[in-house]
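Student: One structure is given below, represented as structure tokens, and several questions about it will come after.
The values are calculated or read from the model by the stated rules, or taken from the named source; none is laboratory data. Please read these numbers as outputs of a predicted model, since none were measured by experiment. Reconstructed Cβ throughout: ideal geometry from the backbone, glycine too, with neighbour counts over all protein chains shown.
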């Protein structure tokens, strides 16, 4: 569980340290702005930036029932962040599986990515796409 939050926690702590240093140097406004920037970055690197994750088994069953794609991701992955933010509200049309919190999800990704845990991996209509083109995936979600 802590592994999912490590990058966000380290970023927030660095922001606090930078802010305190600026405050002690007599620059409270600069320190506050830098702290705010680090906290926003920590939020973006946290699991909160993504829709609520599901277990891989539940996501696969739900996908079979409703035809929505399954997106395997992990916190701190810049490619996952790029995919997530390029989708905007369309992200809700997919089932999201955090491979760091679900070993079955990690195993599913390894099975389609040559033994690697390469994310984001999207399973759409029973076919897996490792690190798909964001615009292609966005169009698929719009059409579904």
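Student: Just one of the numbered conditions (1) under 13 Å from the mean Cα position of the chain (by Cα); (2) assigned to a helix (DSSP H, G or I); (3) over 21 Å from residue 116 (Cα atoms) is not true of residue 61; which one?
Tutor: (1)
Student: Among the candidates 97, 123, 119, 71, single out the residue that is touching a residue at least 60 places away in the same chain (Cβ under 8 Å), surrounded by 14 or more Cβ atoms within 10 Å (Cβ to Cβ) and outside any helix (DSSP H, G or I).
Tutor: It is 123.
Student: Checking the conditions here, which among 31, 67 is outside the structural domain of residue 82 (by TED's automatic domain parsing) and modelled with pLDDT under 95?
Tutor: Being outside the structural domain of residue 82 (by TED's automatic domain parsing) and modelled with pLDDT under 95 holds for just one of 31, 67, which is 31.
Student: Test residue 22 against the stated conditions and say whether it is surrounded by 13 or more Cβ atoms within 10 Å (Cβ to Cβ) and farther than 26 Å from residue 94 by Cβ.
Tutor: Judged against the criteria, residue 22 is a match.
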